[in-house]
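Encoded as structure tokens, the structure appears first; notes follow it.
The values are calculated or read from the model by the stated rules, or taken from the named source; none is laboratory data. In this text the structure is predicted, and so the values were computed from the model without any measurement. Using ideal geometry, Cβ is built from the backbone for each residue, glycine included, and neighbour counts are taken over all protein chains shown.
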Amino acid sequence: MKELVIKILKKALKEKDIKLRDKEIEKLIKIPPSFEMGDYAFPCFSFASQLKQDPVQIALEIREKIGNPPLDFDDIQTSGPYINFFVGKKELARKVIWESITYKNKFGRGKIGKKKKILVEFSSPNIAKPFGIGHLRSTIIGNSIANICEFQGFKVIRMNYFGDWGTQCGKLIFGFEKFGDEKKLHENPIKHLFDIYVKVSKNKKYDKEARKWFKKLEEKDMKAVMLWRAFTEFSLEDFKKRYKELGIKFDVYSGESEYNKKMKETIIELKEKKLLKKSKKALIVDLKESGLDVFLIQKSDGATLYSTRDLTSAIDRYKKYKFDRMIYEVGQEQKFYFKQLFKVLELMGYGWVKNCVHVDHGLYLDKDGKRFATRKGKTIFMKDIIEKTKSLAEKEIKKRLPRINKIELEKRAMKITIAAIFYGDLKNKRSNDMVFDLKRFVSFEGDTGPYIQYSYARATSILQKTKNKEKLEIPELEPKEIELVRKLSDFPKITLKAYESLNPSLIANYSYQLAQLFNEFYHLCPVIGSKHESFRLALIESFRQVIKNSLNLLGIDPLEEM
């Protein structure tokens, strides 16, 4: 409807000798604070100096140029310096219901990404550590952002870039040599390696030996390489198992180690472009003039860093994928680092770096308000998170369905588990820290994922109770029906805003508000047996489709029954 408002205004403004582009008109259009004031408002203050007229008079004259309202509008009025557009409630209801039911999972999709490519790097855990809470936010948020980009028409490449190189590898190899147990490694490899990592990390006296082993690994020492490969394989197997449980897929599994050979080319290129400097035997790029300190490329002992690998990988990715945009979903503690990384790429002459974005997120905090720390052994593993949440979900389901069979119970509990964890995160502004509280996440009431799933299941249940085949006629709408129709019509706009701001919380909060409105409508407006049954059933089907589309963008599956 907004596009139609722009078209109407553009024609009327032209007749007043005011030439504005569509985007300029769109920027001026406001959403009034209450429905009584219309659906869209167009202020005329900005034309006063140009036309040397009072804004109130300008509004009246533009309204006169518009003439009779098109059929899509109930009325177009002036209120002081504003022109207020009242969208036709029946026409809006007909349009939203028809489009959502006809287009189904394509309803709300955008086309701005047509023939364009986006690479989204997310999750990216470190090897030889259990998939824990530290990488869960990046996994959940990155997955949703990838879905949102795809919904706008982009071809999306989902990349998982493992931390499989660096000092932590030296710690693990040294630690296994000193404390390792072959039997424990094969019985429970990830737990055993994690225990070793914590033990070595807690004692600084092991740092020197760890660095030596990493240097050996870089020099292709046979024993170091053999152990590193084994640790990496164990980790990949465990990670992929967790991703499968979460319903998350990647197009590309990559790792820092892939760029060991190519880093030399990057260092040569930096030298040739006169960007490389020596500082206490180390190699750096000086970014002080840009207020970004120095960017370390190579340590004084000749060992490389993840910064060198990140430079190399960015260049390699562009050559390989020719992306139109690359998104790094990484914690906010890396903000400064990404500013440095992008600045170095810019100085190297890579114009595509302007299309690289760091999407940051805050931390999960323990109930005491403190962060989880892997190296101190204070963390929560994904396996335990899933099992605990699933157990809570099963209890909730059994309260409602005590006779449910075990297979169906597990199936539903797993979907509720994902909804609880994902929505519990995504409803928050991603850059904020948040307390990780599973009991609050899994509630079937209030602002939670299971509540939204329950609303979908309720809508499904209503539709299954009738075989109404009457012709759809739009009646005079009740206030709560109007609210629900308006909210449904907002879906395409919300998904576009979520892409523009790379902010899944817009969709999460929209989903909850939509579910609330649906439940209010259901309590106030009888459906089956009412004289408006066919319309209300169609409205429920429309809600069901839109809430399903919303949940899918968050990475959550709806449930036909709870």
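Data overview
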{"item": "One residue from LYS215, LYS199, LYS184 being out of contact with any Gly (no Cβ under 9 Å at 6 or more places or on another chain) and part of a helix (DSSP H, G or I)", "result": "LYS184"}
{"item": "Some residue of region 388-396 being hydrophobic (A, V, I, L, M, F, W, C) and outside the structural domain of PHE162 (by TED's automatic domain parsing)", "result": "yes"}
{"item": "Flag for LYS493 being touching a Ser or Thr at 6+ places or on another chain (Cβ under 9 Å) and among the charged types (D, E, K, R)", "result": "no"}
{"item": "Filter result for the condition that a residue is touching a Leu at 6+ places or on another chain (Cβ under 8 Å), within 25 Å of ILE540 (Cβ to Cβ), assigned to a helix (DSSP H, G or I) and in contact (Cβ under 8 Å) with a residue 12 or more places away in the chain, over LYS415, LYS439", "result": "LYS415"}
{"item": "Any hit, region 466-481, residues being outside the structural domain of PHE154 (by TED's automatic domain parsing), loosely packed, with under 15 Cβ neighbours inside 10 Å and under 30 Å from PHE250 (Cβ atoms)", "result": "no"}
{"item": "ILE18 more than 28 Å from GLU478 (Cβ to Cβ), in contact with a helix residue (DSSP H, G or I) (Cβ under 9 Å, 6 or more places away or on another chain) and without any contact (Cβ under 8 Å) to a residue 60 or more places away in the chain", "result": "yes"}
{"item": "Single unsatisfied condition, GLY424 versus (1) buried (at least 16 other Cβ atoms within 10 Å of the Cβ); (2) assigned to a loop (DSSP other than H, G, I, E, B)", "result": "(2)"}
{"item": "Residue that is modelled with the lowest pLDDT [pool: residues in region 104-135 that are in a helix (DSSP H, G or I) and out of contact with any strand residue (DSSP E or B) (no Cβ under 7 Å at 6 or more places or on another chain)]", "result": "GLY134"}
{"item": "Qualifying residues in region 40-81 (those that are in a loop (DSSP other than H, G, I, E, B) and under 27 Å from ARG94 (Cα atoms)) - the one modelled with the lowest pLDDT", "result": "LEU71"}
{"item": "Residues of region 25-53 classified as exposed (fewer than 14 other Cβ atoms within 10 Å of the Cβ), at negative phi and without any contact (Cβ under 8 Å) to a residue 12 or more places away in the chain, total", "result": "6"}
{"item": "Residues that are closer than 15 Å to GLU560 by Cβ and not aliphatic (A, V, I, L, M), drawn from region 377-424", "result": "ARG400, GLU408, LYS411, ARG412, LYS415"}
{"item": "Qualifying residues in region 494-508 (those that are out of contact with any Leu (no Cβ under 9 Å at 6 or more places or on another chain) and touching a residue at least 60 places away in the same chain (Cβ under 8 Å)) - the one surrounded by the most Cβ atoms within 10 Å (Cβ to Cβ)", "result": "TYR499"}
{"item": "Some residue of region 156-177 being over 36 Å from the mean Cα position of the chain (by Cα), in the same structural domain as SER123 (by TED's automatic domain parsing) and surrounded by fewer than 22 Cβ atoms within 10 Å (Cβ to Cβ)", "result": "yes"}
